[in-house]
Amino acid sequence: MLSNYTAKYTKTSSGYMGQLVEWPEVVTEGKTLEDCREMLKDALHEMVLAYHQQGKEIPVGGALLEQVPVEI
């Protein structure tokens, strides 16, 4: 079964941090955005395997993100 998750990337002093919105425990860092994307995919794959082995329920993907404008 194929599921989609929503990734959030944040620029850091050492590169980028990537985290899944629906599954915040899946988090990683990379020197470039591409490195971070690949590492996040790997971290997600490993977390899926670990959850299966432990009999845990895998969080559902498919979050909707939108920007909310505010005047500051």
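Derivation of every value follows stated rules applied to the coordinates shown; laboratory data play no part. Since the model is a prediction, treat every value here as computed from it, not as a measurement. We place every Cβ from the backbone using ideal geometry, glycine too, and count neighbours over all the protein chains shown.
For this structure, a couple of remarks:
- Near the amide H of VAL26, within less than 5 Å, lie the amide hydrogens of LEU20, all on another chain or at least 5 residues away, with H placed in the peptide plane.
- For ALA63, the amide hydrogen comes within under 5 Å of the amide hydrogens of THR6, counting only partners 5 or more places away or on other chains and with H modelled in the peptide plane.
- Per DSSP, loop trypsin sites (Lys or Arg not before Pro) in the chain with at most 12 further Cβ within 10 Å: LYS31, LYS56
- For the range 48-65, putting each phi into the Karplus relation 6.51 cos²θ - 1.76 cosθ + 1.60 with θ = phi - 60° gives couplings of 4, 4, 5, 5, 4, 4, 8, x, 7, 6, 7, x, 7, x, x, 5, 10, 10 Hz, in residue order, rounded to whole numbers and with x for Gly and Pro.
- Net charge of Cβ neighbours under 12 Å - reference ALA50; Lys, Arg +1; Asp, Glu -1: -1
- Label point distance in nm, GLU71-ALA50, each placed 7 Å from Cα along Cα→Cβ: 4.7
- Residues VAL26, VAL21, VAL68, sorted so that the one with the fewest Cβ neighbours within 10 Å comes first: VAL68, VAL21, VAL26
- Hz values of 3J(HN,Hα) by residue in the range 30-46 - Karplus curve (6.51, -1.76, 1.60), Gly and Pro given as x: x, 6, 10, 4, 5, 4, 5, 4, 5, 5, 5, 4, 5, 5, 5, 4, 5
- Per residue, the convex hull volume that the Cα atoms of the chain enclose (Å³): 114
- Choice from GLU38, GLU57, GLU25 with maximal GNM fluctuation in the chain (Cα, 10 Å cutoff): GLU57
- The chain - charge dipole about Cα centre, Lys and Arg +1 at Cβ, Asp and Glu -1, debye rounded to 20: 60
- Taking the chain and dividing mean pair separation by its residue count, relative contact order in percent (alpha carbons under 8 Å, at least six apart): 29
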